[in-house]
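Peer 1: Just passing along the structure, written as structure tokens.
The values are calculated or read from the model by the stated rules, or taken from the named source; none is laboratory data. Predicted, not measured: the structure shown is a model, and the values here were computed from it. When we count neighbours, we look across all protein chains shown, and the Cβ atoms used for this are built from the backbone with ideal geometry, even at glycine. With ligands, DNA and RNA removed, areas are computed over all heavy atoms of the protein, side chains included. Shrake-Rupley method; radii C 1.70, N 1.55, O 1.52, S 1.80 Å.
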Amino acid sequence: MTVGFTAQHGERGRLDATQPDLGCDWAWEGIHRARPRVDMTCPECAHPVHAKVSRHGLRFFAHDPGSPTCALAGESMEHHLLKLELATCIRAAGHHAELEVRGPDGDWRADVMASGPDGRTRMAWEAQLSPITAEEIGRRTARFAKNGVRVCWVATRLRPWVGAVPSVHVRPPAEDEARWLVTGGLVRFEVEDCDDRYGCPAGHGAWREAATDLRSFVRWVLDGRVVPHRLPVIYSGGYSFDVEGHVWAGAWTAPQYVDAAAAFAEKEHRARVRREESRARWLERKRRAEPQQAAAPRPGAVPRSG
Ligand SMILES: [Zn+2]
Ligand SMILES: [Zn+2]
């Protein structure tokens, strides 16, 4: 589908179809079906584009016929809807959102770029729906980082790279729902007491999935209330954090859960050391007792003579 949410205009600069004023104090009616036609081009390939409204009332820009192969033109409607939702979430969190932003050296293009109220901190939100290797997405994450841009990759399917880079698994709203939901990638750490205080003095600690909607999640990330955290491959519970067969190498969580997990690991480590020490003492006592035992003749063990 040959669509995009941004267009380039000679005088007004960048037009953003997701903003009521196109991001430049200009009404949609000024460019949609306007006569004479307004000259606008695709920011990616510079081919002429025109303003359009989908059956569902979604505003966007479409390439005129005969466009070259364009990265923006190849994106699906689902991709565009997710981009639009991400921009809406970012703006609802009080941050500035810009769509289809190119890096200074042209080696990355952010689907949606969030800028903090201070204008300095930048974070890219990437709707990554098509397959990509873990290596490639790692390289793309590094290219953003080179320019001081954090990134969160947003997936609608559990691809192998989900969790390996800062990412989140989401699903679009169902018929009766209003919002996109986070279905994976947000976790909290919980500790439960154990009935067997001798067996598990530290209790039972485990990472668990936390559910929320995409709007809250984006706000928490932008406000620093959740951070990317690498989950141990094998943690104290003795297994990796996997849900429905997908192993999460990392996930987003609140800093207090990172602290709680570290405190639990420390407590469990101390309990293990204490257990090993007392076992060592017990073995030592046993070892000392043994020679006397061996020396003492057991009744009936010595063959009688005569
Ligand atoms: Zn284009
Ligand atoms: Zn236990």
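Peer 1: Starting from the range 190-212, keep only residues that are over 26 Å from residue 229 (Cα atoms) and of a type outside the set (Lys, Arg), then list their pairs with residues that are away from ligand 1 (no atom under 16 Å from the Cβ) and open to solvent by 90 Å² or more (accessible area, probe 1.4 Å) whose Cβ atoms are within a distance under 6 Å, requiring at least 6 positions of separation or different chains.
Peer 2: Hits for this filter: 194/204.
Peer 1: Does residue 49 meet the test of being out of contact with any Gly (no Cβ under 6 Å at 6 or more places or on another chain), under 28 Å from residue 148 (Cα atoms), β-branched (Val, Ile, Thr) and open to solvent by less than 10 Å² (accessible area, probe 1.4 Å)?
Peer 2: In short, no.
Peer 1: Six or more apart or on different chains, Cβ under 7 Å: which pairs go from a residue in the range 15-42 that's on the phi > 0 side of the Ramachandran plot to one that's surrounded by 16 or more Cβ atoms within 10 Å (Cβ to Cβ)? Could you list them?
Peer 2: Close Cβ pairs (under 7 Å, with a partner that is surrounded by 16 or more Cβ atoms within 10 Å (Cβ to Cβ)) amount to 22/15; 22/16; 22/28; 23/14; 23/15; 23/16.
Peer 1: Here's a follow-up. Do we find that residue 63 is open to solvent by less than 30 Å² (accessible area, probe 1.4 Å), within 16 Å of ligand 1 (Cβ to nearest atom) and either under 30 Å from residue 213 (Cβ atoms) or touching a Phe, Trp or Tyr at 6+ places or on another chain (Cβ under 8 Å) (or both) in this structure?
Peer 2: The answer is no for residue 63.
Peer 1: Which pairs do you get when a residue that is under 13 Å from residue 146 (Cβ atoms), found in the range 90-114, comes within reach of a residue that is part of a loop (DSSP other than H, G, I, E, B) and of a type in the set (S, T, N, Q), reach meaning Cβ atoms under 6 angstrom, with the pair 6+ apart or on two chains?
Peer 2: Pairs that qualify, where the first residue is under 13 Å from residue 146 (Cβ atoms) and the partner is part of a loop (DSSP other than H, G, I, E, B) and of a type in the set (S, T, N, Q), are 103/147.
Peer 1: Kindly check whether there is at least one residue in the range 54-76 that is of a type in the set (Lys, Arg), away from ligand 2 (no atom under 16 Å from the Cβ) and at pLDDT below 85.
Peer 2: The answer is yes, given that some residue of the range 54-76 is of a type in the set (Lys, Arg), away from ligand 2 (no atom under 16 Å from the Cβ) and at pLDDT below 85.
Peer 1: From the residues in the range 1-40 that are open to solvent by less than 50 Å² (accessible area, probe 1.4 Å) and β-branched (Val, Ile, Thr), which one is nearest to the chain's Cα centre (by Cα)?
Peer 2: For the range 1-40, the residue satisfying everything is 18.
Peer 1: Name the pairs: first residue in the range 133-152 and touching a residue at least 24 places away in the same chain (Cβ under 8 Å), second residue acidic (Asp, Glu), Cβ to Cβ under 7 Å, at least 6 apart or on different chains?
Peer 2: Filtered contacts from the range 133-152: 143/107; 151/126.
Peer 1: Go over the candidates 206, 251, 174, 202 one by one and state the one that is open to solvent by less than 40 Å² (accessible area, probe 1.4 Å), more than 16 Å from ligand 1 (Cβ to nearest atom) and in a loop (DSSP other than H, G, I, E, B).
Peer 2: 202
Peer 1: Is it fair to say residue 188 is surrounded by 15 or more Cβ atoms within 10 Å (Cβ to Cβ) and not aliphatic (A, V, I, L, M)?
Peer 2: Yes.
Peer 1: Moving on to the next point. Hey, could you check the range 68-83 for residues that are open to solvent by 40 Å² or more (accessible area, probe 1.4 Å) and either of a type in the set (A, V, I, L, M, F, W, C) or farther than 17 Å from residue 127 by Cβ (or both) and say which is nearest to the chain's Cα centre (by Cα)?
Peer 2: The residue in question is 81.
Peer 1: Next question, about the same structure. Of everything in the range 99-121, what is open to solvent by less than 70 Å² (accessible area, probe 1.4 Å) and either part of a loop (DSSP other than H, G, I, E, B) or among the basic types (Lys, Arg) (or both)? Give them in sequence order.
Peer 2: Those that are open to solvent by less than 70 Å² (accessible area, probe 1.4 Å) and either part of a loop (DSSP other than H, G, I, E, B) or among the basic types (Lys, Arg) (or both): 103, 106, 107, 108, 109, 116, 119.
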